[in-house]
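Read-outs throughout are calculated quantities, based only on the coordinates presented, and are distinct from any laboratory measurement. Being a predicted model, the structure only gives us computed values, none of them experimental. Don't worry about glycine lacking a Cβ; one is built from the backbone with ideal geometry, like all the others, and counts go over all protein chains shown.
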C-alpha cells in the first residue's frame, strides 16, 4: 500500500472553468511569490530577474502579474489567451491560481450560470460597464 492509496478525494467542484470567461484572471492583484517567479523563469527559459521585470509589477507593496487590455473586463492577466480564454502558462501559473477557488463553489461561476439561464443564452457574458 502506498500513501496515494490512502488519499481520499475531496468533494468535486461545482464549477467548470472552461465555461467561464476567466473572471479570476481579471483580478488586479494576482500575487506572485518567489517560487512562482522561479517557475515562470524556468518555463520561459530566462533568469528570475528578467521574469520579474517582464511579467510582474509592484502594486500596493505586492509583486503581481502584469495585465493586458481585455474586451470583457477591461484588463486581464497578461498570460490569458484572449481568444480561447485559457491560461497560456497553466503548468507554470502562480500558486494563487493553483488554489483558486479554494472552495467547492465559485461565486462568479454560480452567478454566470444564473445569468445564462435568465438570459436563455448559454454563451452570455455580463460585460463590465466602463
Choice from 105, 85, 29 showing the highest fluctuation, given a GNM over the chain with Cα pairs closer than 10 Å: 105
Give me the mean projected area, in nm² to one decimal, of the convex hull enclosing the Cα positions of region 19-58. 3.5
Using only helices, what value at 222 nm comes out for the chain when you add -39,500 (n - 2.57) per DSSP H run of length 4 or more and divide by the total residues, to the nearest 500 deg cm²/dmol? -8000 deg cm²/dmol
Give, to the nearest whole percent, the P(r) tail of the chain beyond 23 angstrom, counting all Cα pairs. 43
Please order 43, 67 by the number of other Cβ within 10 Å, starting at the fewest. 43, 67
Calculated on alpha-carbon atoms, Rg and Dmax of region 29-105 in Å: 12.5, 37
Which residues does a label at residue 75 reach in region 26-40, if reach means a backbone N under 20 Å from a point 7 Å past the Cα toward the Cβ? 26-33
